[in-house]
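Chemist: Got a structure here, written out as structure tokens. Questions coming.
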Amino acid sequence: MLKRKEFILGAAVSLTLAAAATAGGVIQWPTAEAATASNRLVPNAGAAGLAFAPPQGAPLSFADIFQQVAPAVVQIDVKTRVQRPRGGLTIPGFPFFAVPEGQGRGGAEPETQLAPGTGSGFFITADGYIVTNNHVVENAEEIKVKLSDGRELNARLIGRDEGSDLAVIKVDGDAFPFVTFEEASEPRVGDWVIAVGNPFGLGGTATAGIVSAKSRDIDPGGLNEYLQIDAAINRGNSGGPTFDIYGRVIGVNTAIFSPSGGSVGIGFAIPAATAKSVTDRLMRGEEIERGYLGVTIQNLLPEVKEALGLDAALKGAFIAEVTAGSPGARAGLRTEDIVVGLNGEKIESSSDLTRRVARAKPGDALRLEILREGRRQTVDVRAGRRPSESDLNTQRGLSEPEDEAPSANQGTVVEGLTVAPLTSALRQRYDVPDNINGVVITGVDADTEAGKLRIPVGTLILRANNRSVTTAAEFREAVAAAKSAGRPSVLLLVRHNGSNLSLVLPFAKSE
């Protein structure tokens, strides 16, 4: 539906596809009583002999829960075809991939090989339907399921959805033990949860903890919100269930935050409501379709509002780019439009807009309330069909061109940026399409505010202060207009790595 890409500078903690969870109740810690003859606090642990008993409200053990639900949890082993390593430099963390040294041996060896993978899943029907993650079974040529009683069964793919990272597979048979999603109520932060899965291929492993947070926005595509849990989650837990203290499935373990790839107590699970909605449709053989506008959006950050002279309390989604030929383009949406409402409801953020449009069906009528050059207006859009996540990633452009500087930094210096109009040579150097116009950054003064932002040479400035710029003079005038309005910065719309991005350039402070 929508595609986002932030202009991020600096390092970030990796998001690893894996998963985990925990189990529930409210802890009431033992009270403390002051000793009568001193200031020493003496814990009151209750009756004699209960000094190490769990506090009231905590489960005495998770054993009963595990015994109840473990038979429904399965180990999933897959084989996926990958490129055969040919020597060269092996990429750390990816044992089946290497940078090839040459062109091979004239076809003497196969170009690909089957690589093993592992994950988790769980039965949701007695006749063999199993829920797991899409990334566990995606492109798998062989899928085997190992049950808790030791049986190994062949499985086939029923359906998968990249957008939610969910998939359904099936084994033949009946009378399988199964579990159900909890739909009637939602867990609270602090509730116990328990995760059962297959970390590192060990199988049948339980970990416990609490719900650490809800509605976590960690999805690069902006589609999903997650439960955050603190149970130990590792590789192989992906696709396993998150249970509450009553053995009801409240989530599907999917990812962890980790600087090393191992568990650090921050795991994420797809909420039960989302998982059940998607898996029910996959079991019926339906393809998951979502609404689509065809725009790149970003959050309306405080510095962007300040640079545009907007009310600090304004909320919405900033359109950084409109895909040519998309539903949004046909309806007249423009770059730098700010979407503040959809079908009469306020838009709080870019993720909010992404999810609301995604819930629409292709062909649905969407009425967008936008802010354009300070004036509110409405735009009617007929929702399109959201492309696959793989197609969207291709559109976003993930390659990194070389930040090669021209032989001479020719151009005009404005606020630490040396800019020049696009010439045929610069278009070729920075791979700028003929239908894109602006001024190209040919140099950056490291001792200026622009230098602190580390803007790469070759970045194209499309607009400044809500004005299109194609010459250095136009860029200088736009910057001067923002200064004359008393603003501390100017909002730029730039193009980098094939995508449009908003960038706030602070002005040099007066001494």
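Chemist: Is it the case, given these coordinates, that Ser238 is within 19 Å of the chain's Cα centre (by Cα) and either open to solvent by 50 Å² or more (accessible area, probe 1.4 Å) or touching a residue at least 24 places away in the same chain (Cβ under 8 Å) (or both)? So that I can check it myself, show each step before the final result.
Modeler: Working: within 19 Å of the chain's Cα centre (by Cα): yes; either open to solvent by 50 Å² or more (accessible area, probe 1.4 Å) or touching a residue at least 24 places away in the same chain (Cβ under 8 Å) (or both): yes.
Against the criterion (within 19 Å of the chain's Cα centre (by Cα) and either open to solvent by 50 Å² or more (accessible area, probe 1.4 Å) or touching a residue at least 24 places away in the same chain (Cβ under 8 Å) (or both)), Ser238 qualifies.
Chemist: Could you tell me how many of the residues in the stretch 333-358 are closer than 20 Å to Arg386 by Cβ and of a type outside the set (Asp, Glu)?
Modeler: Residues that pass the stated criteria total 14.
Chemist: Only one residue in Ala481, Ala446 is among the small types (Gly, Ala, Ser) and outside any helix (DSSP H, G or I), so which one is that? Before you say what the answer is, go through the steps one by one.
Modeler: Values: Ala481 fails: outside any helix (DSSP H, G or I).
Every option except Ala446 fails the conditions.
Chemist: Quick check: is even one residue across the stretch 289-306 open to solvent by 20 Å² or more (accessible area, probe 1.4 Å), farther than 28 Å from Arg495 by Cα and either in a loop (DSSP other than H, G, I, E, B) or touching a residue at least 12 places away in the same chain (Cβ under 8 Å) (or both)?
Modeler: yes
Chemist: When you go through (1) part of a loop (DSSP other than H, G, I, E, B); (2) closer than 21 Å to Lys146 by Cβ; (3) polar (S, T, N, Q) one by one for Asn224, which number turns out not to apply?
Modeler: (2)
Chemist: Output the number of residues of the stretch 157-198 satisfying the condition of being touching a residue at least 12 places away in the same chain (Cβ under 8 Å), open to solvent by 50 Å² or more (accessible area, probe 1.4 Å) and in a loop (DSSP other than H, G, I, E, B).
Modeler: Our first condition is that a residue be touching a residue at least 12 places away in the same chain (Cβ under 8 Å); within the stretch 157-198, this holds for 157-183, 186-198.
Imposing the further condition that a residue be open to solvent by 50 Å² or more (accessible area, probe 1.4 Å) reduces the set to 157-158, 160, 162, 172, 174-175, 177-178, 180, 183, 186, 188-189.
Next, only the ones that are in a loop (DSSP other than H, G, I, E, B) stay: 162, 172, 174-175, 177-178, 180, 183, 186, 188-189.
Total satisfying the criteria: 11.
Chemist: With respect to the numbered conditions (1) at pLDDT 85 or above; (2) in a loop (DSSP other than H, G, I, E, B), which one is the sole condition not fulfilled by Ser351?
Modeler: Condition (2) is where Ser351 drops out.
Chemist: Within the stretch 147-156, can you find the residues that are part of a strand (DSSP E or B) and open to solvent by less than 80 Å² (accessible area, probe 1.4 Å)? Working first, answer last.
Modeler: Step one: list which residues in the stretch 147-156 are part of a strand (DSSP E or B), which gives 152-156.
Once the filter is applied, which keeps residues that are part of a strand (DSSP E or B) and open to solvent by less than 80 Å² (accessible area, probe 1.4 Å), the stretch 147-156 yields Leu153, Ala155.
Yes or no, residue by residue, for (1) in contact with a Gly (Cβ under 7 Å, 6 or more places away or on another chain); (2) modelled with pLDDT of 90 or more:
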site	(1), (2)
Pro95	no, no
Pro110	no, no
Val136	yes, yes
Leu157	no, yes
Thr180	no, yes
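Chemist: Oh, and also: Testing Val379 on (1) at pLDDT below 85; (2) farther than 25 Å from Ala273 by Cβ; (3) not in a loop (DSSP other than H, G, I, E, B), one condition comes back false. Which one is that?
Modeler: (1)
Chemist: Residues Asn134, Asn139: which one is touching a residue at least 40 places away in the same chain (Cβ under 8 Å) and either on the phi > 0 side of the Ramachandran plot or within 21 Å of the chain's Cα centre (by Cα) (or both)? Please lay out each step first, then the result.
Modeler: Numbers: Asn134 fails: touching a residue at least 40 places away in the same chain (Cβ under 8 Å).
After applying the criteria, what remains is Asn139.
The values are calculated or read from the model by the stated rules, or taken from the named source; none is laboratory data. Not measured: the values here are computed from a predicted model. All Cβ positions, glycine included, derive from the backbone under ideal geometry; neighbour counts span all protein chains shown. Note: accessible area is taken over every heavy atom of the protein model, side chains too, but ligands, DNA and RNA are not part of it. Shrake-Rupley method; radii C 1.70, N 1.55, O 1.52, S 1.80 Å.
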